[in-house]
Structures are given as structure tokens and as C-alpha cells.
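Some notes on the structure that comes next.
Please treat every number below as a calculation from the coordinates, not as lab data. Just so it is clear, the model here is predicted, and its values are computed rather than measured. Here the Cβ is made from the backbone with ideal geometry for all residues, glycine too, and neighbour counts use every protein chain on show.
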Amino acid sequence: MLPITSSLAIDEDEIQESFVRASGPGGQNVNKVATAVQLRFDVRNSPSLTDDVKARLLRLAGKRASAEGVITIEARRFRTQEQNRLDARERLAELIRRAMEAPKTRRATKPSRAAKERRLEMKRKRGEVKRLRGADRELGG
């Protein structure tokens with residue numbers, strides 16, 4: 001189980017991991033050992049998540065999500081398989097945590113009378129400055 005929150009965990013069967021060779025540091029070892037991890041999580045077919053969370057998760061995943069709704073996370077930051085595996089799982093968990101936060105609903109508000117008056121006063125002052133500039137030019141300055 002991959003724990004997400006105290007009330008939600010993703011079953012191991014929902015996550016596929018494959019190991020590939022990573023570029024970068026590692027010396028001769030980099031050519032022999034597949035240390036980078038490709039983690040795949042099928043969002044659309046996950047029984048653990050609600051439809052709202054699935055939709056937000058796919059939006060948050062962006063280009064990491066395929067058209068079929070599968071999120072692919074690649075982890076190659078570390079030199080060992082285990083560290084990269086944990087890194088990929090933590091990144092998936094963080095993405096799901098962010099998707100679980102329901103967006104705040106926007107409430108339409110109107111500017112106060114004082115705010116409208118301040119705005120109009122600033123516009124009048126600005127217009128006066130510009131008008132005086134034009135008068136200055138006419139005098140040959």
C-alpha cells in the first residue's frame with residue numbers, strides 16, 4: 001500500500017514500475033544497472049479515487065498523463081533503484097494529495113463605494129497630469 005493521507009492509500013496492484021538505464025553520474029555502473037524508475041498509475045481505472053479527484057489529478061499531471069488517463073512518473077535523481085523508487089512513489093503521493101484539495105469556490109464581490117470613489121479620483125488626477133503635459137508642449141517647452 002502507498003499511503004497518501006491517513007484515510008487514503010493506493011493499492012500496490014494499481015501501480016506498475018519498470019526500471020530503465022539512467023543517464024548522468026554513476027561511472028561504469030550507469031551502463032550496467034537499470035536504476036531509473038518509470039512508475040505508471042492508471043487514474044481512470046483506480047477504485048481508490050473519487051471522480052472529482054481523478055479529474056483534478058489528470059489536470060495537475062499535465063503532460064505526464066496520457067490520453068488514456070495513465071500518469072507516468074520518471075525518477076532518475078539518485079544512483080540506486082530503491083531511492084529512485086521511493087522518489088517516484090513520493091512524487092505520485094504528493095500529486096494525489098494536491099488533487100484531493102478541493103478548489104475554493106469564488107464568490108462574486110462588488111467594490112465598495114469608497115473604492116470606486118478612490119479609483120475615479122486617481123483617474124481624474126492622472127488625466128489632469130496628462131492634460132497639463134499637453135498644455136506645456138503648446139507653449140514650446
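When you restrict to C-alpha pairs under 8 Å that are six or more residues apart and normalise by the size of the chain, the relative contact order lands at 21 percent.
So how do Ser18, Ser46, Ser66 line up by other beta-carbon neighbours within 10 Å, fewest first?
Details: Ser18 11, Ser46 19, Ser66 14.
Fewest-to-most ranking of Ser18, Ser46, Ser66: Ser18, Ser66, Ser46.
About its Cα centre, the chain has a charge dipole of approximately 1640 debye under the convention of +1 per Lys or Arg Cβ and -1 per Asp or Glu Cβ, with nothing else charged.
The residue among Ala55, Thr72, Ala93 whose Cα reaches farthest toward the positive pole of the charge dipole of the chain, with charges on the beta-carbon of Lys, Arg, Asp and Glu, is Ala55. Sorting Phe19, Phe78 from the fewest to the most surrounding beta carbons within 10 angstrom yields Phe19, Phe78.
As a ratio to 2.2 N^0.38 Å, the alpha-carbon radius of gyration for the chain is 1.90. Put in order of Cβ neighbour count within 10 Å, fewest first, the listed residues Thr109, Thr50 become Thr109, Thr50.
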